[in-house]
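The values are calculated or read from the model by the stated rules, or taken from the named source; none is laboratory data. Note that the coordinates shown come from a computational prediction; the quantities given were computed from them, not determined experimentally. No Cβ is skipped: glycine too gets one built from the backbone with ideal geometry, and neighbour counts run over all protein chains shown. Side chains are part of the model used for accessible areas, which takes the heavy atoms of the whole protein and leaves out ligands, DNA and RNA. Shrake-Rupley method; radii C 1.70, N 1.55, O 1.52, S 1.80 Å.
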Amino acid sequence: MNDPLAADVGAQILEQGGNAIDAAVAMAFAMNVVEPPASGIGGGGFMMVHLAHSGETLALDFREKAPAAAEVGMLAGGSFTEVSTSGISVGVPGAVLGLATALEAWGTFTLAETLDPAIVLAEVGVPVSEFVAENAASARTTLQPETRAIFRRPDGTPLQAGDILVQPDLARTLDLIAQEGPAAFYEGEIAEAIVDAQRRARYDGGEGRMTLDDLALYDVALRTPVIDDYRGFTVASMPSPSSGGLTMIQILKMLERFPAGNERRGFGFGETRTLHVMIEGMRLAFADRAVWMGDDDLVDVPAAGLLADPYVATRSAMISETTRMARPAAGEPLPFDGRVPAAPLADDHEEGSTTHFSVVDGWGNVVACTVTIEQLWGTGITVPGYGFLLNNELTDFNRQPAPAPGTNNVAPFKRPRSSISPTLLFKRGEPFAALGSPGGATIINSVLQVVMNLLDHRMTLQEAVDAPRISITSPAGEVTVEPGFPQTSLDGLAALGHPLTEGEIGAVNAVLIDLRSGKRYGAADGRRGGAVGEACRPRRGRGCAAAHE
Ligand code: GLU
């Protein structure tokens, strides 16, 4: 779709004098309308914020939570498809309280003002985008009558690009929230409808366990970002319950000893050697992630140990420039974290999709925000009469309980481990880039590579986003490779024993501030029809918003 509606909502808010947080919140609501399969008020997300006036960098966690009645093993019953399309996988949604909290803490617009553009879009209708149309044939749009009624044509065939999607129920729901605030969502008629809807199940035992109390008790968390240095720059990203920041920064630190970007030494962009050490770094970090990362509110995540220089050095030392290592196990970060050992490997299933957007305003506030309902179309359950899809985020827990430490096993009130990685980059304390991506566990590798393209390979923002990517999200298995790398590099990787498969990886939307000129640039990812908002053409001191849409 050529009409960048959601990015332009952000740009308009900036034009009206709103700040980056106002724009981000308005864009998140607009995304629910223009890209309903990927995010919305039935889901959750994470936001990284840098505040110009105080110089603080903060992480807001509005990830979905397991209900009080959640139990280890409760997701083990059905197939992935059955579980992820049944109420049992619905986490208590965090988006409404998260966005309202961000606005109250750092915004200047009212909740109603940021909801207004989304309400208008839902009432008037939006043309179905290429991205939504490409995914409209999903069975998830047919499993429940309310979903079919909205997200299929009247004759039952999938929506096509350019069809007009009108969502009056969603408009009414957003209007209720605009009038009464987040309480309209977490208590009362909408909450009751959510609880009823998540009782739907596609297998015995698949009924959701959320109660009205779970909704009333839902809370968001302000967290300290994971922050570390990479080649003289500072990288700040999302902490637990996301694994994004820890995993990405661990890979960067493991790779720092290699001269990435140095063509004379065989480490130019896309060269076999560069790709090989990246793959090895990914395999090592994802082995750690499977065992050590989860919701730090309820389990111990050895975050300090995982990033401790001596620990990272021992892991990095396992990377040879000339051979592929045997399947790596998780490491032993506890001695570097002041904790007691324990370890085996957890099961790891992640696909799905989300929406990411990045915003910078004229004052220098910067936001990177990723919102999700997990799989495209979430559970496929639309809350009857209210027009929004419920997430299946609880499938991000280990479905089969993992042995100790079981960091990502299901537990009451726990947040499932995420890969979401909204990230900010700083030079001498000044923020100069914000980025993030959808794509399940591949989010981490997508963000990693755009960071490396900017910092190591000195690409422009759009080049860094467009460049082909690779990804492996487990210690063993295939490496996904995008088209565009030299055949000689791929032959080199194959010769080293890396099993390769073709695919598309992530969709990064980013903004960049040229610290010398003050110009702001937006880059949207052609992989998923992203767009850069109108106010974002390079101009000094103006805001900039980039989003999928
Ligand atoms: N549920 C995923 C996560 O939090 C995000 C969904 C996706 O983009 O696949 O890591």
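Entry note, the stretch 14-99: relative contact order of 30 percent, from Cα contacts under 8 Å with a spacing of 6+ residues. A viscosity of 1.567 mPa s and a temperature of 4 °C, combined with the Kirkwood radius over C-alpha pairs in the Stokes-Einstein formula, give the chain a diffusion coefficient of 56 µm²/s. For the Cα trace of the stretch 356-441, dividing Rg by the Kirkwood Rh returns an Rg/Rh value of 1.10. Across the stretch 467-526, Cα-Cα distances exceeding 17 Å account for 53% of all pairs.
Peptides 47-56, 270-279 ranked from most to least packed give 270-279, 47-56, packing being the mean of other C-beta atoms within 10 angstrom over each peptide's residues. Counting every C-alpha pair in the stretch 203-327, the share spaced more than 24 angstrom apart comes to 41%.
If only the Cβ of Lys and Arg carry +1 and only the Cβ of Asp and Glu carry -1, the dipole of the stretch 450-532 around its Cα centre is close to 460 debye. Its relative contact order, with pairs defined as Cα atoms under 8 Å and 6+ residues apart, puts the stretch 288-341 at 45 percent. Each Lys and Arg contributes +1 and each Asp and Glu -1, all at the Cβ; summed about the Cα centre of the chain, the dipole is approximately 1520 debye. Centroid-to-centroid, using Cα positions, the stretch 395-412 and the stretch 461-482 are 27 Å apart.
Pick out, from Ile177, Ala287, Leu5, the residue whose Cα sits farthest towards the positive end of the charge dipole of the chain, with +1 on the Cβ of Lys and Arg and -1 on the Cβ of Asp and Glu. Checked the options; the winner is Ala287. Using the alpha-carbon positions of the stretch 296-335, Rg (one decimal) and Dmax (whole number) come out as 12.5, 41 Å.
For the stretch 47-115, the orientation-averaged shadow of the C-alpha convex hull comes to 6.8 nm² (one quarter of the hull surface). The three principal axes of the Cα atoms in the stretch 146-281 give end-to-end lengths of 63, 41, 38 Å, sorted in falling order. In loop segments of the stretch 400-500 as defined by DSSP, the trypsin sites (Lys or Arg not before Pro) with at most 16 further C-beta atoms inside 10 Å of their C-beta are Arg428, Arg458.
Counted over the stretch 422-500 with a bin width of 5 Å, the fraction of Cα pairs per bin, in whole percents, is 3, 13, 21, 23, 18, 11, 6, 3, 1. Summarised as an ellipsoid, the stretch 1-143 has semi-axes of 30, 22, 11 Å, derived from the eigenvalues of the Cα gyration tensor scaled by 5 and square-rooted, with the largest first.
Our analysis of the stretch 260-303 gives Rg over Rh at 1.26, with the two radii drawn from alpha carbon positions and Rh computed by the Kirkwood formula.
Computed in the context of the full set of protein chains, the accessible area of the chain at 1.4 Å probe radius has 50% of its extent on carbon or sulfur. Computed over the stretch 137-178, the P(r) tail beyond 13 angstrom holds 57 percent of alpha carbon pairs. Take every pair of alpha-carbon atoms less than 8 Å apart whose residues are at least six positions apart; their mean separation over the length of the chain yields a relative contact order of 22 percent.
Would you list which lysines come within 23 Å of Lys519, measuring only between C-alpha atoms, while excluding same-chain residues fewer than 8 positions from it? Correct list for Lys519: Lys427.
So if I place +1 on the C-beta of Lys and Arg and -1 on the C-beta of Asp and Glu, and nothing else carries charge, what would the dipole magnitude of the stretch 254-305 be about its Cα centre? I want it in debye, nearest 20. Charge dipole, the stretch 254-305, about its Cα centre: 500 debye, nearest 20.
Enclosing the Cα atoms of the stretch 331-483 in their convex hull gives a volume equal to 201 cubic angstrom per residue.
The lysines whose alpha-carbon is closer than 27 Å to the alpha-carbon of Lys414, local same-chain residues fewer than 8 away aside, are Lys65.
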